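Here's the structure, in structure tokens; my notes come after.
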Amino acid sequence: MFDRFKMPDDVYRVTGGPGGESNLIVSSKYSCVIDTGMAFCGDVLVKNIEKHLGDRDLDYIFLSHTHYDHLGAVLVLKRRWPEAKVVCHPYGNRVISSDGAKYVMKDLSIKAALEYDPSKEDFVRGIDWNELNIDIIVEDGQVFDFFDFNIRAIYTPGHTNCCVSFYIEEKDLLFPSESTGCYSEELFHMVILKSYRDTLASIEAMRKIGSKNIVSPHFGILPPEISSNYWELCEKEARRWYRFALSRYFCGFTIDEIFEDHKNFFWLGSDINGQPFDAFKINSYAIIKAMLKDILLAL
């Protein structure tokens, strides 16, 4: 049976719980983790990383984007490895510099703890989000030399304006950002929060890499029968979402009515959707507004 969590050599799934996947990459010289998951899972994430690093330090924390379910445990990792450098796109640095954004991250992190593990509420409330900072600004095409292999960053907006994908050429291993969608056996999540056009461009950028080993956000490594036509699936889902919004716009639906329709189609519960309902609602309204913006630009 295919194991979606079994990674190539020197790459380890260290995910602490619900939320974004976390993967540790270890070379003979450096180590990094791509995304950290939700804040309430931070203590488990630290233990999972320690199993593979032993006495070694964590050198880098790469962020695919600045949503609470992907960076929530950054400060927990920084407590354990204070010298670890947080790597993020420049637009993400602007987001993290905003007090309003930090408030939303904290609020959603607390709600996630209450949803999944209420015993962690105090643990999450004890995190000082004012300490969250970016150490290294990553640009499109920038390469990190890990001595044994290189990790290349590719700017892939659409889900957010700060989304970055990562590719290890020597391992032919691709970590696409959430702009290209999230595969699951129950429901393909296409969360276009900023731009439908950027989403299609990001899907095409990932397709051109031609990787056979794709780690889909919130899922893990794709089985061969899915990865072989994955980008066609991503594009199909993006276009389906666009048609969903387009048809309701021309039928005169309000934003609230489109949301209710969307909820009936796509809300299957926090376990399957991978987020509390409050986060789903915020994302859904953002998707609808992004789609309507693209529709109006096309008219």
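The values are calculated or read from the model by the stated rules, or taken from the named source; none is laboratory data. These numbers come from a predicted model, not from an experiment. Here the Cβ positions follow ideal geometry from the backbone for every residue, glycine too, while neighbour counts run over all protein chains shown.
Here's a check for you: in the range 258-276, which residue that is surrounded by 15 or more Cβ atoms within 10 Å (Cβ to Cβ) and of a type in the set (F, W, Y) is nearest to L193 (Cα to Cα)?
Checked the range 258-276; the qualifying residue nearest to L193 (Cα to Cα) is F259.
Any residue in the range 54-69 that's free of Cβ contacts under 8 Å to residues at least 40 places away in the same chain: show its pairings with residues that are part of a loop (DSSP other than H, G, I, E, B) at Cβ separation under 6 Å, as long as the two are six or more apart or on different chains.
D57/W81; L58/W81; L58/A84; D59/Y30; I61/A84
Out of the residues in the range 205-220 that are without any contact (Cβ under 8 Å) to a residue 60 or more places away in the chain and in a strand (DSSP E or B), state the one that is farthest from V11 (Cα to Cα).
S216
Here is a list: N133, N161. Which entry is over 27 Å from Y30 (Cα atoms) and surrounded by fewer than 23 Cβ atoms within 10 Å (Cβ to Cβ)?
On inspection, the qualifying residue turns out to be N161.
Determine whether F253 is farther than 22 Å from D69 by Cα, out of contact with any Lys or Arg (no Cβ under 6 Å at 6 or more places or on another chain), surrounded by 12 or more Cβ atoms within 10 Å (Cβ to Cβ) and among the hydrophobic types (A, V, I, L, M, F, W, C).
In short, yes.
Say whether the condition of being of a type in the set (K, R) and at pLDDT below 90 is met by at least one residue in the range 188-202.
no
Using the structure shown, decide if L222 is under 26 Å from F175 (Cα atoms), surrounded by fewer than 19 Cβ atoms within 10 Å (Cβ to Cβ) and either under 20 Å from the mean Cα position of the chain (by Cα) or hydrophobic (A, V, I, L, M, F, W, C) (or both).
Taking the combined requirement at face value, the residue does not satisfy it.
Tell me, which strands (runs of 3 or more DSSP E) wholly within the range 95-204 include 2 or more residues that are among the aliphatic types (A, V, I, L, M)?
150-155, 164-168, 173-175
Test of understanding: among E170, E186, which residue is within 21 Å of D3 (Cβ to Cβ) and either surrounded by fewer than 18 Cβ atoms within 10 Å (Cβ to Cβ) or of a type outside the set (G, A, S) (or both)?
Unique residue meeting the criteria: E186.
From N150, N130, N229, which residue is over 30 Å from L296 (Cα atoms), in contact (Cβ under 8 Å) with a residue 24 or more places away in the chain and either of a type outside the set (S, T, N, Q) or out of contact with any Pro (no Cβ under 7 Å at 6 or more places or on another chain) (or both)?
N130
Can you find a residue in the range 32-48 that is free of Cβ contacts under 8 Å to residues at least 12 places away in the same chain, in a loop (DSSP other than H, G, I, E, B) and not hydrophobic (A, V, I, L, M, F, W, C)?
The answer is no, given that none of the residues of the range 32-48 is free of Cβ contacts under 8 Å to residues at least 12 places away in the same chain, in a loop (DSSP other than H, G, I, E, B) and not hydrophobic (A, V, I, L, M, F, W, C).
Picking from L53, L45, L58, which residue would you name as being of a type outside the set (F, W, Y), surrounded by fewer than 22 Cβ atoms within 10 Å (Cβ to Cβ) and in contact with a Leu (Cβ under 9 Å, 6 or more places away or on another chain)?
Exactly one residue qualifies, and that residue is L53.
Which one is farthest from P223 (Cα to Cα), of the residues in the range 1-31 that are in contact (Cβ under 8 Å) with a residue 40 or more places away in the chain and part of a strand (DSSP E or B)?
I25
Run L200 past the list (1) among the hydrophobic types (A, V, I, L, M, F, W, C); (2) buried (at least 18 other Cβ atoms within 10 Å of the Cβ); (3) in contact with a Ser or Thr (Cβ under 9 Å, 6 or more places away or on another chain) and report the number of the one that doesn't hold.
Unmet condition: (3).
Just to be sure before I move on: is I96 under 21 Å from I168 (Cα atoms), under 16 Å from the mean Cα position of the chain (by Cα), surrounded by 20 or more Cβ atoms within 10 Å (Cβ to Cβ) and aliphatic (A, V, I, L, M) in the structure I sent?
Answer is no for this residue.
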